[in-house]
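J.: Attaching a single structure in structure tokens format; questions to follow.
The values are calculated or read from the model by the stated rules, or taken from the named source; none is laboratory data. From a predicted model like this one, the values you see are computed outputs, not experimental measurements. Neighbour counts run over all protein chains shown; Cβ positions are idealised from the backbone, glycine included.
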There are 2 protein chains.
Amino acid sequence: MTAPTALAIVGVGKIARDQHLPSIARNPAFRLVAAASRNARLDGVENFATAAEMFDAMPKIEAVALCMPPQARHAIAAEALGRGKHVLLEKPPGATLSEIENLTRIADASGVTLFATWHSRFAPGVEPARDWLAGKTIRSVRIDWMEDVRHWHPGQDWIWEPGGLGVFDPGINALSILTRILPVPIWLTGAELSFPENRAAPIAARLSFQGPSDVTAEALFDWRQTGPQTWDIAVETDAGKLILSSGGASLAIDNGVVSEAPEAEYDGIYARFAELIAARESDVDVSPLRHVADAFMLGRRHIVEPLHDRAGDRH
Amino acid sequence: MTAPTALAIVGVGKIARDQHLPSIARNPAFRLVAAASRNARLDGVENFATAAEMFDAMPKIEAVALCMPPQARHAIAAEALGRGKHVLLEKPPGATLSEIENLTRIADASGVTLFATWHSRFAPGVEPARDWLAGKTIRSVRIDWMEDVRHWHPGQDWIWEPGGLGVFDPGINALSILTRILPVPIWLTGAELSFPENRAAPIAARLSFQGPSDVTAEALFDWRQTGPQTWDIAVETDAGKLILSSGGASLAIDNGVVSEAPEAEYDGIYARFAELIAARESDVDVSPLRHVADAFMLGRRHIVEPLHDRAGDRH
């Protein structure tokens, strides 16, 4: 067995603490040695204010997981790859498609691994859904992805800024599942985007897609859902109906539950990262972000009522 | 010499009459045999109301040039490629990036040529500019692309609809030149988009890009220019300053005119289409449209005064 990969983390926020750190701790292929964060510190590792200081001080770092908001990801990813370090990107992998192209070029030139992760693809129902759909004739797809932004993203202003994607931040999870499980390609044919009067990103979106042989897909993303939360994908085929619910955790075929397993998305991500590093391969599928870019380009914009997500927040 | 390729044209509007038809007539590699258009007829060839009727009635058609607005292009392109016909796409090649991916797949599967054209790349100054910039260190780029939409696109409502791209319809010409001549990649870092209150597409845009080693590029696109029209790209390098003006027709290095040649963009396009067909190759570079999609995704939207482009037009 080879020595564990010396890993650093950049961006110590909610997603890092809730998901990355526990999965890293459980995976013997990695040893967390450092963290870079403007505001936070991690116990038991070296801490730095910036990634550049960290890379200068600790040349032994072999791999880095980038968990900060997407707007700041490219510069640090490019520097890490240029220094010969393997890079794991949280979703979405960047603020533009072109910067991801650039990262892919640098990773290839440096001979290191770039892994653009889509955590929802590691939900337990996703691979069984893909296997069941393979070879079947798809008729239609319906996605309902409705949640309460005030609950899930309280005070996260970056998510409302350009590059933060608004409701596409959760919606892209649905698109990452859909592009993994469907045996045919789809392309956007129309979109309606609802922007709160006081925000630079949409709070709701309705997307229409087509595929070959009259396949259609409709997606509803809405961040104004205050009751039960919904993360469902339904696929009608010539051989029955598939429903992936709870964000991919539960799979049902023709209303019979096929599988329901405990969530372990980030354990799956780090297992895959270790495989990719061992094989010196990259895994960069931009198709979910490409559909989002298409939606911004082709979408019709509507202005809706302002969103105030904190008491006293009136900006 | 092989027999000329039997060519049909779909979409008989201004761009077809002004540019495609004269260049096709001058190129012995093609013989125009049919046209499909809802409203227009061409003398001397078979005319049809739809592309599907045309393909059914004339199986001898070997290639087709699609000159209608981008929103309608994908369905006809997919049908033509699926029937084994070579396809030339006017710019922009589609309304989304994903539909172009789909066309590339079909072309590869059918073994035919798909040519996504960027006519400005065939302006006479472009290849000499690319040659001069090769190997030089780029410092900065400045694009000014300012024209009067009322003059150039009178009453063309499709250009203001989602998918019509607004001021990016001309601006993408500048991006098509820039991505051809620069020896380094660039990626968008910010954009400001100005939408007229009564329109679904922007009338002006300011784009900021970065490249490796602190290269920066700024682009100003504005459709409200009523005086002299400007289509200029200036590139500062370690070995002097290059200016491509008049949309790529005129090239100057350090203020000395290097070349100024008569415009013959579409002759160049059809010469290249003939080469591609002979070699059974495709030429699909989506990078200009990818930058536009990035700008819509990352751009901050501003609402500006309404645009009324015709007397009595108050919608």
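J.: Please state which one of A:Arg41, A:Arg73 is basic (Lys, Arg) and either over 23 Å from the mean Cα position of the chain (by Cα) or not assigned by TED's automatic domain parsing to the domain that holds A:Lys14 (or both). Give the derivation first.
T.: Values: A:Arg73 fails: either over 23 Å from the mean Cα position of the chain (by Cα) or not assigned by TED's automatic domain parsing to the domain that holds A:Lys14 (or both).
The unique qualifying residue is A:Arg41.
J.: Based on what the data block shows, is B:Ala204 of a type in the set (Gly, Ala, Ser), surrounded by 16 or more Cβ atoms within 10 Å (Cβ to Cβ) and modelled with pLDDT of 95 or more?
T.: Yes, satisfied.
J.: Here are B:Ser287, B:Ser250: which of them is surrounded by 14 or more Cβ atoms within 10 Å (Cβ to Cβ), within 14 Å of another protein chain (Cβ to nearest Cβ), under 25 Å from the mean Cα position of the chain (by Cα) and among the hydroxyl-bearing types (Ser, Thr, Tyr)?
T.: Working: B:Ser250 fails: within 14 Å of another protein chain (Cβ to nearest Cβ).
The unique qualifying residue is B:Ser287.
J.: Are any residues in segment B:239-279 assigned to a loop (DSSP other than H, G, I, E, B) and touching a Pro at 6+ places or on another chain (Cβ under 9 Å), and if so, which ones?
T.: B:Ala249, B:Ala261, B:Pro262, B:Glu263, B:Ala264
J.: Determine, yes or no, whether B:Pro28 is at pLDDT 95 or above and surrounded by fewer than 23 Cβ atoms within 10 Å (Cβ to Cβ).
T.: Yes, satisfied.
J.: Taking the condition within 26 Å of B:Lys85 (Cβ to Cβ), away from chain A (no Cβ under 14 Å) and not acidic (Asp, Glu), does B:Ile243 pass?
T.: no
J.: Picking from B:Ala116, B:Ala134, which residue would you name as being small (Gly, Ala, Ser) and surrounded by 22 or more Cβ atoms within 10 Å (Cβ to Cβ)?
T.: B:Ala116
J.: Check off (1) over 29 Å from A:Ala123 (Cα atoms); (2) in a strand (DSSP E or B); (3) of a type in the set (Lys, Arg) for A:Lys60 and give me the number that stays unchecked.
T.: Tallying (1) over 29 Å from A:Ala123 (Cα atoms); (2) in a strand (DSSP E or B); (3) of a type in the set (Lys, Arg), A:Lys60 fails exactly one: (2).
J.: So, one more: How many of the residues in segment A:189-212 are farther than 19 Å from A:Ala293 by Cβ and more than 11 Å from chain B (Cβ to nearest Cβ)?
T.: Number of matching residues: 2.
J.: Read through the list (1) of a type outside the set (Gly, Ala, Ser); (2) surrounded by fewer than 20 Cβ atoms within 10 Å (Cβ to Cβ); (3) not in a loop (DSSP other than H, G, I, E, B), then give the number of the only condition that A:Arg41 fails.
T.: Failed condition: (3).
J.: Taking B:Ala52 and the conditions (1) closer than 27 Å to B:Val286 by Cα; (2) of a type in the set (A, V, I, L, M, F, W, C); (3) buried (at least 16 other Cβ atoms within 10 Å of the Cβ); (4) away from every other protein chain (no Cβ under 14 Å), which numbered condition does it fall short on, given that it satisfies the others?
T.: All conditions pass for B:Ala52, except number (3).
J.: Quick one: is A:Ala65 more than 14 Å from the chain's Cα centre (by Cα) and of a type in the set (A, V, I, L, M, F, W, C)?
T.: The answer is no for A:Ala65.
J.: What are the residues in segment B:142-188 that are within 13 Å of chain A (Cβ to nearest Cβ), more than 23 Å from A:Arg301 (Cα to Cα) and at pLDDT below 95, if any?
T.: Residues satisfying the conditions do not exist here.
J.: So A:Ala34 passes all but one of these: (1) outside any helix (DSSP H, G or I); (2) within 14 Å of another protein chain (Cβ to nearest Cβ). Which condition number does it fail?
T.: In the conditions (1) outside any helix (DSSP H, G or I); (2) within 14 Å of another protein chain (Cβ to nearest Cβ), A:Ala34 misses (2) alone.
J.: Within segment A:99-110, is even one residue away from chain B (no Cβ under 14 Å) and either polar (S, T, N, Q) or more than 23 Å from B:His291 (Cα to Cα) (or both)?
T.: The answer is no, given that none of the residues of segment A:99-110 is away from chain B (no Cβ under 14 Å) and either polar (S, T, N, Q) or more than 23 Å from B:His291 (Cα to Cα) (or both).
J.: Continuing with the same structure: With respect to B:Arg121, is the statement that it is away from chain A (no Cβ under 14 Å), basic (Lys, Arg), buried (at least 23 other Cβ atoms within 10 Å of the Cβ) and within 25 Å of B:Ala264 (Cβ to Cβ) true? Write out each step before concluding.
T.: Numbers: away from chain A (no Cβ under 14 Å): yes; basic (Lys, Arg): yes; buried (at least 23 other Cβ atoms within 10 Å of the Cβ): yes; within 25 Å of B:Ala264 (Cβ to Cβ): yes.
Yes; evaluated as a whole, the condition is true for this residue.
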